[in-house]
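Undergrad: Below: one structure in structure tokens.
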Amino acid sequence: MQRRTLLTTALTVLASPWPVAALAQSGQPQVLVWKDPNCGCCNDWIAHLQEHGFKVRAYDTGNLAARRRLGMPEAFGSCHTAQVGGYVIEGHVPAADIHRLLQERPQALGLSVPRMPIGSPGMDGPEYGGRKDPYDVLLVQRDGSSRVFASYHQPTGGDRPAQAAAAPAPPTPTDSQGRPWTEAEVRRIDVRGNRLSLRHGPIPNLDMPPMTMFFQVSDPAMLERVKVGERIRFSADRVNGQYTVMELQPMQ
């Protein structure tokens, strides 16, 4: 009788899709995360994982070196890199898809949500006003190929009426090299690390939504021209795989 009861209990647990509490209590693998210490969306994604039964250990060292070390191609890059159960997790992957990955155990490098789509876990705070952009979770192979593992093509608030004869948008102001300007507030100045923490608006050329994060600066003298709390406009690009402020100007 006792053996039958135990067998029935085990089958019930296995039949449940991603049983969060059971997985956590039975030794759910710990998630290791490499991120920037001041990346708010990374912290929100970690909170999302914890709410869904994962134990998380975070390293505030940035994720570029971790992504390279773990073999995730740059094309699938995002703002944080993680490792769990022998797989690499890149970007704002929903916890449910990580549970599914660990249950199905496919032959693969891991999962990725490239860049930082608004509406994905950690990119769904009130500052985005309920916006939900479509995105895919990709299963990345060790040869660099990928396929869609899960799709999230949510509606964005219904059909919008067509606008007849809309006036053309004004040209976007750009820096001396044609990169778009972005407005920001200086949050921290790291002289030793040669970088700035900026709470910024969208950066079109990097396909980056509004957030707070650290940027390297292309010229250390830039750090002497700004102060914490000041409003600036800046241009940014990727230099040697790092997000870098290329030009900046104080705002009047």
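Undergrad: Criterion first (touching a residue at least 40 places away in the same chain (Cβ under 8 Å) and crowded, with 24+ Cβ neighbours inside 10 Å) does Val93 satisfy it?
TA: Considered against the rule, which asks whether it is touching a residue at least 40 places away in the same chain (Cβ under 8 Å) and crowded, with 24+ Cβ neighbours inside 10 Å, Val93 comes out as yes.
Undergrad: Where the second residue is at pLDDT below 95 and part of a loop (DSSP other than H, G, I, E, B) and the first is under 22 Å from Pro73 (Cα atoms) and among the basic types (Lys, Arg) and lies in segment 104-125, which pairs have Cβ atoms under 8 Å and are six or more apart or on separate chains?
TA: Arg115/Gly77; Arg115/Ser78; Arg115/Asp207
Undergrad: Follow-up. Could you check how many residues of segment 214-243 are part of a loop (DSSP other than H, G, I, E, B), free of Cβ contacts under 8 Å to residues at least 24 places away in the same chain and over 21 Å from the mean Cα position of the chain (by Cα)?
TA: Residues meeting the conditions: 1.
Undergrad: Continuing with the same structure: Out of segment 180-196, which residues are open to solvent by less than 40 Å² (accessible area, probe 1.4 Å) and closer than 13 Å to Ala236 by Cβ?
TA: Pro180, Trp181, Thr182, Ala184, Leu196, listed by residue number.
The values are calculated or read from the model by the stated rules, or taken from the named source; none is laboratory data. Since the model is a prediction, treat every value here as computed from it, not as a measurement. Cβ atoms come from the backbone with ideal geometry, glycine included; neighbour counts cover every protein chain shown. For accessibility, only protein heavy atoms count, side chains too; no ligands or nucleic acids. Shrake-Rupley method; radii C 1.70, N 1.55, O 1.52, S 1.80 Å.
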